[in-house]
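Student: Provided herewith is a single structure, encoded as structure tokens, for subsequent inquiry.
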Amino acid sequence: MQPSVQIVFHDLSRSEALERKILERANRLEHFHPHLLRCHVTVGQPHRHKQQGNLFHVRVALRVPGEEIVIDRNEEEDVYAAVNDAFDAARHRLEEAASRHRARNRTARPAAGARK
């Protein structure tokens, strides 16, 4: 099941190439958790520092049953690097959530052929 993906740009012009990259990364996340319901991505340029250049903020909010996973990444000068960094962290957290989900399901179900 493909997750519902929403992309929002704050203080940044919409870019079709960046949007495609975000959709590609978001759709790959479904491989790491079987019940990914929603993916909300916000990309922004909150601060303009003369000495550091343009910095970007990426927020990825994921919804799985019983849990919301939120990743915030700041201070990247390359928006694509910021997106990749945020989605790498999201993948890691989603794998942890999937592991917890599997563990809960294992303990909730008695083994086949188990005696009462």
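The values are calculated or read from the model by the stated rules, or taken from the named source; none is laboratory data. Everything numeric in this text was worked out from a predicted model, so none of it was measured. Note that we place each Cβ from the backbone using ideal geometry, even for glycine, and neighbour counts take in every protein chain shown.
Student: Going by the structure shown, is HIS33 at pLDDT below 85 and either over 12 Å from the mean Cα position of the chain (by Cα) or of a type in the set (Lys, Arg) (or both)?
Tutor: no
Student: Same structure, new question: Scanning segment 3-12 for residues that are closer than 10 Å to CYS39 by Cα and either hydrophobic (A, V, I, L, M, F, W, C) or in contact with a helix residue (DSSP H, G or I) (Cβ under 7 Å, 6 or more places away or on another chain) (or both), which turns out surrounded by the most Cβ atoms within 10 Å (Cβ to Cβ)?
Tutor: Per the criteria, the residue is PRO3.
Student: Among the residues of segment 65-104, count how many are in a strand (DSSP E or B), of a type outside the set (Asp, Glu) and farther than 17 Å from HIS10 by Cα.
Tutor: Residues that pass the stated criteria total 2.
Student: Out of segment 70-101, which residues are crowded, with 19+ Cβ neighbours inside 10 Å and not charged (D, E, K, R)?
Tutor: Selection gives ILE71, VAL79, ALA82, VAL83, ALA86, PHE87, ALA90, LEU94, ALA97.
Student: Within segment 13-42, restricting attention to residues that are without any contact (Cβ under 8 Å) to a residue 60 or more places away in the chain, within 14 Å of TYR80 (Cα to Cα) and of a type outside the set (Ser, Thr, Tyr), which residue is surrounded by the most Cβ atoms within 10 Å (Cβ to Cβ)?
Tutor: This residue is VAL41.
Student: Do we have GLU24 as within 25 Å of SER4 (Cβ to Cβ), assigned to a helix (DSSP H, G or I), modelled with pLDDT under 90 and under 19 Å from the mean Cα position of the chain (by Cα) here?
Tutor: no
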